[in-house]
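Below is one structure, written out as structure tokens; the observations come after it.
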Amino acid sequence: MPNVLDNVIIAAAADPKTYGVVVTWANGETTAISFRHLVGNGVFAALAEPEVFARVQVGERGRSLEWPGEIDFCADALWFEAHPEDAPRQRQHAAS
């Protein structure tokens, strides 16, 4: 299981027709991530434009996916979305 901050993106290829991005990770794995459920809503409205969606870039040190207009997604969140079994477990606190 990768630790938080171990999830580094080295490449991203957007498909504006499906609003999906194929992400290549530093460990060699590739993951297809759909953004269809977000596109066109609120701060993600601009991503509905195919020309904008196609402009995805890997962020600094591979720690995010970024689009124009300061839209970004954390690499860890994307990894854990695709690999829920790797997500850190939240501790359960006893009720006081």
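The values are calculated or read from the model by the stated rules, or taken from the named source; none is laboratory data. From a predicted model like this one, the values you see are computed outputs, not experimental measurements. Positions of Cβ are generated from backbone atoms using ideal geometry, with glycine treated the same way; all protein chains shown enter the neighbour counts. Side chains are part of the model used for accessible areas, which takes the heavy atoms of the whole protein and leaves out ligands, DNA and RNA. Shrake-Rupley method; radii C 1.70, N 1.55, O 1.52, S 1.80 Å.
At the listed q of 0.13, 0.32 Å⁻¹, the Debye profile of region 44-92, built from one uniform point per Cα, gives log10 I(q)/I(0) equal to -0.39, -1.12. Think of each Lys and Arg Cβ as +1 and each Asp and Glu Cβ as -1; about the Cα centre, that makes the dipole of region 3-57 roughly 120 debye. For Arg55 and Leu38, the difference between the fully extended length at 0.36 nm per residue and the C-alpha to C-alpha distance is 4.5 nm.
Charge dipole of region 10-96 (Cα centre as origin; +1 on each Lys and Arg Cβ, -1 on each Asp and Glu Cβ, all else neutral): 160 debye, rounded to the nearest 20. Among Gly62, Gly40, Gly20, the residue with the largest mean-square fluctuation in a Gaussian network model of the chain, with springs joining Cα atoms closer than 10 Å, is Gly40.
Ligands, DNA and RNA left out, the accessible area of the chain computed with a 1.4 Å probe is 52% carbon and sulfur.
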